[in-house]
Amino acid sequence: MTSLRRRINWVTLIATVVGTVAAVLAAPINTALTANALTPQQEAGQRIIYSYTGLTPPASLIQRIQAGQAAGVIFFGDNISSDTQISSVVGQLRQAAAQSPVAAPLLLMTDQEGGQVRRLPGAPTLSEKQIGQSANAVTVAGQAGHDAGENLRSVGMNVNLAPVLDVYYQAGNFIDEFQRSYSNNASVVSSLGQAFIGNQQTVGAAATAKHFPGLGAATTSQNTDAQPVTLNVSLSGLRSKDEVPYPAAIAAGVKLIMVSWATYPALDASRPAGLSSAVVQGELRNRLGFQGVTVTDAIEAGGLQAFGSDANRSVLAAQAGMDLILCADGTVAQGDNVNAALVGAMQSGQLSQSSFTAAVNRVTALRNTLP
């Protein structure tokens with residue numbers, strides 16, 4: 001009886017093991033990788049936004065996406081000839097991402113602020129200033145956000161680098177010159193930005209509030225794309241005007257915040273905001289409580305000329321707490337150089353593994369909320 005029971009037990013055990021193995025083999029393979037399972041190059045890639053020139057993405061960019069070494073792609077005007085054309089490109093990039101070991105949607109982004117700053121044809125046609133001057137401004141801002149989101153989603157994109165939340169100081173200055181600010185009144189900017197963000201994100205396109213802590217004080221000649229800019233606004237001035245729209249944006253659930261390349265001596269006299277932990281960690285995360293994804297402005301900007309190569313700048317930005325590095329010079333090599341620099345800094349201990357993983361996890365969490 002005992003020997004028979006043993007035989008039955010062995011048969012049962014063998015059948016269980018065989019059944020389990022068969023079930024595992026038959027189950028679909030889950031290609032989602034945790035940050036710990038990524039190669040160093042893949043982990044660094046989760047923090048890099050690539051760009052390219054012309055209407056056709058190069059094979060090297062497709063390869064980086066297939067290899068799981070890119071978080072996303074930014075599109076500029078020269079990448080877009082029509083909705084049909086860019087929809088086809090986005091489809092190609094998504095197909096490449098489907099072959100990647102990182103099973104999260106790419107961040108496919110552009111600047112669709114409205115007015116003069118639009119990469120896609122169509123909505124929103126009104127500039128932020130025009131919205132701010134309209135009779136039912138909150139309603140109009142909300143409609144603009146909705147329409148911007150629908151426009152992006154219609155071509156397969158999922159991140160808008162908008163709205164601008166800068167509160168302009170002087171009419172015709174850097175941010176007002178092209179009507180990119182809702183108002184010189186911080187409470188107006190707050191309410192309109194909040195309406196834009198909420199309605200845009202409802203249709204599946206992540207919003208990006210920019211340019212923290214604010215470029216509203218910049219004069220027409222103070223363009224961080226071209227040169228270093230220092231904005232001598234007092235701490236009380238920054239907090240009572242420039243930063244006022246951000247708590248409302250955060251309350252609205254804004255998914256990304258872009259940090260400016262200007263230097264604010266009241267916060268950090270030695271580093272531009274996007275390279276400053278005092279700004280990114282101290283002001284944005286700790287004081288204002290933002291828990292979403294931080295993204296740099298273009299890493300090649302002239303405003304960072306004192307901080308070496310794009311590779312070096314990216315390490316400084318990551319040290320400061322920036323999650324995504326925006327590589328916008330139109331070459332895949334730029335993103336590759338940034339990747340190598342981030343890997344080197346991580347392996348040397350210049351960047352802590354725990355902070356690096358936390359940044360990757362924030363980016364991955366964002367990507368998994370998007371279509």
Worksheet item: What spacing in nm lies between the two simple spin-label points modelled at Gln66 and Ser221, each 7 Å away from Cα in the Cβ direction?
Response: 5.1 nm
Worksheet, complete the sentence: Taking only protein heavy atoms and a 1.4 Å probe, the highest-to-lowest accessible-area order of Ile62, Ile49 is Ile62, Ile49
Worksheet item: What number comes out for the charge environment of Ile299, summing +1 per Lys or Arg and -1 per Asp or Glu over other residues with Cβ under 12 Å away?
Response: -3
Worksheet item: Roughly how many nanometres apart are two label points built 7 Å out from the Cα toward the Cβ at Ala306 and Thr39?
Response: 3.9 nm
Item to complete: Give the carbon-plus-sulfur fraction of the accessible surface of the stretch 200-339 in %, rounded to a whole number; probe 1.4 Å, heavy atoms of protein chains only.
Response: 46 percent
Worksheet item: How large is the accessible surface per residue of the chain, computed with a 1.4 Å probe and reported in Å² as a whole number?
Response: 39 Å²
Worksheet entry | Cα-based helix-to-principal-axis angle, 310-320 vs the chain, degrees rounded to 10 | 90 degrees
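Count the DSSP beta bridges whose two residues both fall in the chain, then state the antiparallel fraction as a percent rounded to the nearest 5.
15 percent
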Fill in: Label-reachable residues, the stretch 265-308, where backbone N falls under 20 Å from a point 7 Å from Asn232's Cα toward its Cβ
265-273
Worksheet entry | Of every Cα-Cα pair in the chain, the percent that sits beyond 30 Å | 39 percent
Discussion item. Please report the net charge: other residues with Cβ closer than 11 Å to the Cβ of Ser51, K and R +1, D and E -1.
Written reply: -3
Practice prompt. Give the calculated FRET efficiency between Ala340 and Ser240 to the nearest 0.05, with a Förster radius of 51 Å applied to their Cβ-Cβ distance.
Written response: 0.75
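Count the net charge of all other residues whose Cβ sits under 12 Å from the Cβ of Arg119, scoring Lys and Arg as +1 and Asp and Glu as -1.
Combined, the nearby Lys, Arg, Asp and Glu give -3.
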Fill in: Whether the stretch 225-371 is rounded, prolate or oblate, judged on the alpha carbon gyration tensor where a/c under 1.5 counts as rounded
oblate
Worksheet entry | Overall form of the stretch 235-302 per C-alpha gyration tensor (a/c, 1.5; a/b vs b/c) | oblate
Worksheet, complete the sentence: Within the stretch 185-335, the percent of DSSP beta bridges that are antiparallel, given to the nearest 5, stands at 15 percent
Worksheet item: Which FRET efficiency value, to the nearest 0.05, is calculated for Ala59 and Ser82 with the Förster distance at 30 angstrom and r the Cβ-Cβ distance?
Response: 0.85
Practice prompt. Round to a whole angstrom and tell me the spacing of the C-alpha centers of the stretch 66-114 and the stretch 150-206.
Written response: 22 Å
Fill in: Solvent-accessible ranking of Glu128, Glu150, largest area first, probe 1.4 Å
Glu150, Glu128
Discussion item. Quick check: the angle from helix 186-202's long axis to the longest principal axis of the chain, C-alpha only, nearest 10 degrees?
Written reply: 30 degrees
Fill in: Residue (of Gln95, Val140, Ser276) at the positive-pole extreme of the chain, dipole from beta-carbon charges
Gln95
Discussion item. Quick check on the chain: helices-only [θ] at 222 nm, where DSSP H runs of length 4 and up contribute -39,500 (n - 2.57) each and the sum goes over total residues. Nearest 500, please.
Written reply: -12500 deg cm²/dmol
Item to complete: State log₁₀ I(q)/I(0) for the stretch 329-371 at q = 0.15, 0.27 Å⁻¹ as given by the Debye formula over alpha-carbon point scatterers of equal weight, solvent excluded.
Response: -0.51, -0.89
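The values are calculated or read from the model by the stated rules, or taken from the named source; none is laboratory data. From a predicted model like this one, the values you see are computed outputs, not experimental measurements. As a convention, Cβ positions derive from the backbone with ideal geometry for all residues, glycine included, and neighbour counts pool all protein chains shown. The protein model used for the area step is the full one, side chains on, heavy atoms only, and it has no ligands, DNA or RNA in it. Shrake-Rupley method; radii C 1.70, N 1.55, O 1.52, S 1.80 Å.
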